[in-house]
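The structure appears right after this line, and notes come after that.
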Amino acid sequence: MTQAGEADAIAAAIDRAKSFAPFLHRLINANPEYAAELGGGAIPNRIEDFATALESDHSDPMRALRLEKQKLALGTAIGDLSGQLDLEQTVEILSDFADYSLDRAIETAFAERYPDADPRGFAVIALGKHGSRELNYSSDIDLIFLFDPETMPRREKDDPQQAAVRIGRRVSELLNERTGDGYVFRVDLRLRPSPEVTPIVLAIGAAIAHYESSAEPWERAVFIRARAAAGDIALGTQFLDAIRPFVWRRSLDFSAIKTIRSMSHRIRDHYAQGQGFGPGYDLKRGRGGIREIEFYAQIHQLIHGGRDAQLRAPATLDALAALGEGGHIPVSEVERLSGAYRLYRTIEHRLQMIEDQQTHSLPSDAEALDQVAHLHDVANGDALLEMLAGPVTYVGALYDQLDSEDEDRLPSDPDLLDKALEQAGFTAQAQARRLITGWRAGKLRSTQSIVAREALEPVLPILVPEMGCSPDPGGAIRRFDILLDRLPSAVNLFRLLEARPGLITLLVDILSHAPALADELARHAQLFDGLIDATALDPPEPLDELIAMLEERSISADYQAKLNRMRQLVGEERFALGVQLIEGRSDPLEVAGGYSRVAEASINILADAAIAEFEATHGQIDGSDLVILALGRLGGEALTHASDLDLVYLFTGDHSAQSDGERPLGATSYYQRLAQRVSAALSVPTAAGPLYEVDTRLRPSGAQGLLAVSFDSFAAYHRDNAWNWEHMALARARPVYGPSDACDELAEMIRQTLDRERDGEKLLADVRAIRREIAQHKPAAGSFDVKMIDGGLVDLEFCIHLTQLYERTGFDPQLPKAIVALSDAGLVDPALSSAHDLLTRMLVTLRLVAPGSKDIAKASRELVAARCGAENWDALVAEYEQARQCVMREWHRIAHIPDEGETG
């Protein structure tokens, strides 16, 4: 807009204010010089720009604040009406003036009572639109007053609580009281805990204790938009930091969301007159109005904000934008909801500018509605309604979808229930009926409470048909019963399923096809909360990002608390990876890589934590570091859900050196104890359960050797004493922890060890003997034990490692890369690549579906086939047989085993 255009817009805005807004007209008459400044283009666009306007005689604070409020109200109104200020600027200026006024009132109250003391120990928490810096043109300000009995000034004989209440009353009076100059803000203190019995100023300790122990679910939603606004900001921030876990929970209490929905129902019922769109429509509380956009954003914030701090934006528009950027709601919804919100709030301001009334309803009178329209610079009331109609319809329909409740109830009558179960797909209706009846009767501990049984009912009409559509309805409902039997309370699970019906499909798939995941869920029901996030079924981040994310989420000054938190976080990551596989969201090979990255991230974070804890007592050894070597499936970056961690601990530097701590140790003892500490950090169960099984038997001299060895000892052992099978294990060794130069040195040491001349005949004989011993002591558990069966993964690994050592080439910890290198050199059948991929997909999948490696349940066979890339079960069996034959042929050829002779 040109300068001339801006001047015209301001002049037109002042004319409309005089013609259609009596309150603004009075302000113009009362402040002619300031009105002239505005007419000359001096529209402030932030609170700092009001400095001149806010310079008033402070000898009478009561009057000064009111005169300042007049100028600010006039300046923001003309800026808004002329288009010089957008909605966000307008509400921020109004909110910042509220902060300014509160600080002035607090300073005045303290100066009057304690003239020689600095105002401290008294804080104001802003809630609602003030907390989110979104104040209306004529808003109440919702506040909580806090004080610190230890730091707030008071007279010697004053009771701390009474002294704080006096300050609070005076602050409220300075803002609230109407004089001939008007008022500053209407102060509402009713959102504090139990306002009917508590003092208007709360001691910070008591306030924190309330929110930590006895707060109501609705209070969580209130604090989404809370901030320390005035007074002792450090004290207010301390309070908000203390209650943050109450507001933003990673393990979500869905009763808070249910409470928000109940509030919207009560609002619709209580303000029924303003629900229908048209003249008299309530822009704030009506169906499709302001409140429903705010609730829509807050519900999604409560669901996802405990896990994603980026979503904790107090302002509604910022929250919608963050939810869209995070993929939690579609971008198209963000755009339409944001546009509707800006329009509603702008028209709401027009309503309030007319007579400075806290109104949100369009006038029912046609002439009055025209007046609002003219103030907004549209032709008439009909044009204004037409402008609002589309957004109101859209928002109302969108919120109804979120808030819809299936009124259907699963029958209680046995005959009708049996019929409903039969229609759902259950063949054994009597068994299913007994289980459902038991849940309803509270026969399980988790459903004994009335709240749990009430929460169950809305879920049953969705859950039962979903189970009925599963391959094994009877098995699914039995496993769900087992899950409920192991839970202390099922309330949150039921409310989660009610709030997110789409998760019921995931749950039924887990119960039907993945006993390994179902068992974990029964032990730790909060694992299911992690699936709320839109990104839960995405592959894990790259290793560096995963380490940073887990480190940030597990920060704790307490070592044991960090171990416990890491078990929770890693459990969530592993559970989500399993669900990705079952749902077909990720290839099992990708899932295996994901399991490996999660394990490697855990090693890095927990080794750091264990070392820091250990060094606090024993100090450091100069020039020496711990290095961790991964072998087996972790070394090859192909873990399964059930894999343990094959680790070898090493250290650099002089083995005769000594640590410099309070309790010094020689290097050998130092690293033995440190390795034990790291192993415990990775394996010992905490309140959150175990993490990984750690296997250190592949270290030099096995179980008889030292737990941690120096680089020199490791090199000497593998040069002079190691067996050929130990070098086979080194073919998949990979440093996963330690300084980069030390890891590079170790990798080179391993390369030199593998690339050495060997007695070929002895190598062949040793490898054949090792394979016979394994077959004797660990026979295949069943026909689908794809690891141990003849022609399975063990035979394939032996083919590759034997060829690598015999030919001194093709070394790579990742088997797929090693196979390609060897096949490119003409040393192995290229078909081993596809055989490896199929067998690995089957192994990773079956560790979830058939943990015992025995026959696969018929209900899950098609899922297994699909996840392994086969057209159907019969096709998978055929491909499995072909892969095994390929591996056996290569094993016999490479190991020089005659076809009619030994088979492995």
Subject >> Spin-label pair Ser834/Arg478, simplified geometry with 7 Å Cα→Cβ offset, distance in nm >> reply: 3.9 nm
Original post:
By a straight-distance test (C-alpha under 13 Å), which aspartates and glutamates pair with Lys71 as possible cross-link partners, with residues fewer than eight away in the same chain excluded?
Top reply: Glu33, Glu37, Asp49, Glu55, Asp181
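Cα convex hull of region 46-147: how many Å³ per residue? If you can, show how the numbers build up before the last one.
On the way: hull volume 10.3 nm³, N = 102.
Enclosed volume per residue, from the Cα hull, is 101 Å³.
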Subject >> Extension gain from Arg155 to Asp558, taking 0.36 nm per residue of separation minus the Cα-Cα distance >> reply: 141.0 nm
Subject >> Computed FRET value (nearest 0.05) for Ile233 with Gln357, which takes r as the C-beta separation and R₀ as 30 Å >> reply: 0.40
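How long are the semi-axes of the ellipsoid equivalent to region 441-591, from square roots of 5 times the Cα gyration tensor eigenvalues, in whole Å, largest first? Provide the component values of the computation, followed by the final result.
Numbers: eigenvalues 161, 79, 32 Å².
Calculated on Cα positions only, the semi-axes equal 28, 20, 13 Å.
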Subject >> Three semi-axes of the equivalent ellipsoid, region 813-904, Cα gyration tensor, whole Å, largest first >> reply: 27, 16, 12
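Across every pair of different alpha-carbon atoms, what Kirkwood hydrodynamic radius in Å does region 350-471 reach? Numbers along the way, then the final one.
Numbers: mean 1/r = 0.0525 Å⁻¹.
The answer is 19.0 Å.
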**OP:** Distance from a point 7 Å along Cα→Cβ of Asp608 to each backbone N in region 558-572: keep the residues under 19 Å and list them by number.
**Re:** 558-571
**OP:** Please say if region 88-224 is rounded, prolate or oblate, where rounded means a/c under 1.5 for a ≥ b ≥ c the square roots of the C-alpha gyration tensor eigenvalues, and otherwise the choice is prolate for a/b larger than b/c and oblate otherwise?
**Re:** oblate
Subject >> C-alpha center-to-center spacing [region 673-720, region 835-904] in angstrom >> reply: 32 Å
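Cβ neighbours within 10 Å, averaged per peptide: list 433-444, 66-77 in order, most packed at the top. Spell out each step's value before the answer.
Details: 433-444: 16.0, 66-77: 22.6.
Highest mean packing first, the order is 66-77, 433-444.
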Original post:
How much FRET efficiency would the formula 1/(1 + (r/R0)^6) give for Ala680 and Asp60, where r is the Cβ-Cβ distance and R0 is 56 Å, rounded to 0.05?
Top reply: 0.20
Subject >> region 435-476 pair-distance distribution - Cα-Cα, 10 Å bins, rounded % >> reply: 29, 47, 24, 1
Subject >> Set of lysines near Lys787 by C-alpha distance (under 30 Å), chain-local residues within fewer than 8 positions excluded >> reply: Lys762, Lys778, Lys817, Lys854, Lys858
Subject >> Coil-residue GluC sites (Glu not before Pro) of region 140-179, DSSP, other Cβ within 10 Å capped at 13 >> reply: Glu150, Glu156, Glu177
Original post:
Which Rg and Dmax, in Å, describe the Cα atoms of region 564-694?
Top reply: 16.7, 54
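Once Rh is set to the Kirkwood radius over Cα pairs, what Stokes-Einstein translational diffusion coefficient, in µm²/s, holds for the chain at a temperature of 4 °C and a viscosity of 1.567 mPa s? Working shown, then result.
On the way: Rh = 32.6 Å.
Taking Rh from Cα pairs, D becomes 40 µm²/s.
Give me the Å³ per residue figure for the convex hull around the C-alpha atoms of region 149-236.
On the way: hull volume 11.8 nm³, N = 88.
Hull volume over Cα atoms, normalised by residue count, gives 134 Å³.
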Original post:
So how much slack lies between Leu240 and Lys419, counting 0.36 nm per residue of separation and subtracting their Cα-Cα distance, in nm?
Top reply: 59.1 nm
**OP:** Taking only the C-alpha atoms, wrap a convex hull around region 744-819 and report its volume per residue in Å³ as a whole number.
**Re:** 105 Å³
Subject >> Amide proton proximity set for Ala203, modelled H, under 5 Å, gap of 5+ >> reply: Phe147
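Taking 0.36 nm per intervening residue step and subtracting the Cα-Cα distance, what contour gain separates Glu757 from Ala825 on full extension?
Values: separation 68, 0.36 × 68 = 24.48 nm, distance 1.89 nm.
The Glu757-Ala825 span can extend by a further 22.6 nm.
Return the ratio Rg/(2.2 N^0.38 Å) for region 55-114, where Rg is computed over Cα atoms only.
Numbers: Rg = 13.6 Å, N = 60, 2.2 N^0.38 = 10.4 Å.
With N residues counted in region 55-114, Rg over 2.2 N^0.38 Å equals 1.30.
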Subject >> Over region 301-387, equivalent-ellipsoid semi-axes from the Cα gyration tensor in Å >> reply: 34, 14, 8
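Which value, in Å to one decimal place, does the Kirkwood hydrodynamic radius take for region 108-160 when every pair of different Cα atoms is included?
On the way: mean 1/r = 0.0771 Å⁻¹.
Computed over Cα pairs of region 108-160, the Kirkwood hydrodynamic radius comes out at 13.0 Å.
Normalised by the empirical 2.2 N^0.38 Å for globular proteins, what value does the Cα Rg of region 692-763 take? Walk me through the intermediate numbers first.
Numbers: Rg = 12.6 Å, N = 72, 2.2 N^0.38 = 11.2 Å.
Taking the Cα Rg and dividing by 2.2 N^0.38 Å, one obtains 1.13.
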**OP:** Write down the percent of antiparallel bridges among all DSSP beta bridges whose residues are both part of the chain, to the nearest 5.
**Re:** 70 percent
**OP:** Counting helices only, and only those DSSP H runs with n ≥ 4, report the 222 nm mean residue ellipticity of the chain as the sum of -39,500 (n - 2.57) divided by its residues, in deg cm²/dmol to the nearest 500.
**Re:** -19000 deg cm²/dmol
**OP:** Keeping all protein chains in place, calculate the accessible area per residue for region 576-645 (probe 1.4 angstrom), answer in Å².
**Re:** 26 Å²
Original post:
Once both labels are modelled 7 Å past Cα along the beta-carbon direction, what's the Val877-Asp622 spacing in nm?
Top reply: 7.0 nm
Subject >> Surface share of carbon and sulfur [accessible, 1.4 angstrom probe, percent] for the chain >> reply: 47 percent
Subject >> Sorted largest first, extent of region 789-847 alpha carbons per principal axis (Å) >> reply: 34, 19, 17
Original post:
Residue by residue, what Karplus-based ³J(HN,Hα) values in Hz, rounded to whole numbers, does region 17-30 have, using 6.51, -1.76 and 1.60 with θ = phi - 60° and x for Gly and Pro?
Top reply: 4, 5, 7, 10, 9, x, 5, 5, 4, 5, 5, 5, 5, 7
Original post:
Which percent of Cα pairs goes in each bin when the distances of region 329-371 are cut into 5 angstrom slices starting at zero?
Top reply: 5, 21, 21, 18, 12, 10, 8, 4, 0
**OP:** Work out, in µm²/s and without decimals, the Stokes-Einstein translational diffusion coefficient of region 546-586 at 25 °C, 0.890 mPa s, Rh from Kirkwood over C-alpha pairs.
**Re:** 221 µm²/s
Original post:
Where does region 855-896 land on Rg(C-alpha)/(2.2 N^0.38 Å)?
Top reply: 1.45
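In Å², what does the accessible area per residue of region 180-243 work out to with a 1.4 Å probe? Mind showing how you got there, number by number?
Working: 2580 Å² over 64 residues.
For region 180-243, the per-residue accessible area is 40 Å².
So, R0 is 51 Å and r is the distance between the beta-carbons of Asp365 and Ala642; what FRET efficiency does that work out to, to 0.05?
The formula returns an efficiency of 0.10 here.
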Original post:
Points 7 angstrom from Cα along the Cβ direction at Gln431 and Thr505: gap in nanometres?
Top reply: 2.6 nm
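The values are calculated or read from the model by the stated rules, or taken from the named source; none is laboratory data. All of these numbers come straight from a predicted model, not from anything done at the bench. Counting neighbours? That spans all protein chains shown, and the Cβs are built from the backbone with ideal geometry, glycine included. Remember, those area values only see protein heavy atoms, side chains included, never the ligands or the DNA or RNA. Shrake-Rupley method; radii C 1.70, N 1.55, O 1.52, S 1.80 Å.
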